[in-house]
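Here the structure is laid out as structure tokens; the discussion comes afterwards.
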């Protein structure tokens, strides 16, 4: 990030639907920023969300929140992109790809032509494909474009493992990798609870049907979004908290390891596709991918996941 050209206390959110507005609310409460601009194709919607959130500022921290245009995002430290069609009941994230790729083809050039120097955080689904679209259409440096990836999926995995084992989920260390979607992989071979391999910890807690339990938990994680969408038509609180956490890591230069969507350049035999892998994230965006140990089955599934995404990208007109 060129810190001379950005306001480190400013964030922009493009797209004011459920995810965008909830992310704006979470970021307001975080205290990370002193200025937030909301941009939407429906400018009245952006202004309305800004007003609604602003009315709670006397109960929180001073902040400037307003509906604006692309001209207002130029100096933002982080540009969060949540614009796009919502995932409907029965629809996979990859089913959204054509609709949202066309939307991104109108958004990304607006950002690129203004020479924005902040970090681009893609949240819209399918997030891996749209992060790739952002890189290809915008021509941005790869480290400055990241997707929210499987940060939320990983949080769901830790929550469910914590519930299963009866421990604080913050003591669980595990990742969902690959596609943020149906081909995602729970990397149980490297999962641990405070340094103890997860299978050993299961036995400490009196559980011995390891494989079945882990398969059940991984399936629940994968289906979480579908279950929520079926019940309330959209998911937004969990992803808003993930957006807040990613922004926090960038702004504070925490060098935290998060499973964000990044461009693969040969690791695990995968290249020219974006998918989620544990990555050191700091003030300059994606710094270093962390090569976690995978067993043979997990590696095979990761390569299958990359092929799913490759096939989708091949069907898009990105020239």
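So here's what we get for this one:
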item: Total residues in segment 202-221, condition part of a loop (DSSP other than H, G, I, E, B) and under 28 Å from the mean Cα position of the chain (by Cα); result: 0
item: Hits in segment 186-201 - residues which are crowded, with 21+ Cβ neighbours inside 10 Å and part of a helix (DSSP H, G or I); result: 188, 198
item: Tally of residues being surrounded by 24 or more Cβ atoms within 10 Å (Cβ to Cβ) and out of contact with any helix residue (DSSP H, G or I) (no Cβ under 6 Å at 6 or more places or on another chain) across segment 133-148; result: 1
item: Among the candidates 290, 280, 274, residue that is touching a strand residue (DSSP E or B) at 6+ places or on another chain (Cβ under 7 Å) and buried (at least 20 other Cβ atoms within 10 Å of the Cβ); result: 274
item: Segment 53-78 - residue that is part of a helix (DSSP H, G or I) and touching a helix residue (DSSP H, G or I) at 6+ places or on another chain (Cβ under 8 Å) and, of those, farthest from residue 104 (Cα to Cα); result: 57
item: Close pairs (9 angstrom Cβ cut-off, 6 or more residues apart or separate chains): within 18 Å of residue 167 (Cα to Cα) and assigned by TED's automatic domain parsing to the domain that holds residue 163 in segment 199-228, modelled with pLDDT under 90 and not in a helix (DSSP H, G or I) anywhere; result: 201/207; 202/208; 202/209; 213/207
item: Matching residues in segment 19-32 - criterion: being out of contact with any helix residue (DSSP H, G or I) (no Cβ under 6 Å at 6 or more places or on another chain) and either free of Cβ contacts under 8 Å to residues at least 24 places away in the same chain or not in a helix (DSSP H, G or I) (or both); result: 31
item: Residue check, residue 157 in the same structural domain as residue 286 (by TED's automatic domain parsing) and either under 30 Å from residue 193 (Cβ atoms) or without any contact (Cβ under 8 Å) to a residue 24 or more places away in the chain (or both); result: yes
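The values are calculated or read from the model by the stated rules, or taken from the named source; none is laboratory data. Keep in mind that this is a model prediction, so the values were computed, not measured. Every residue, glycine as well, gets a Cβ built from its backbone with ideal geometry; the counts of neighbours run over all protein chains shown.
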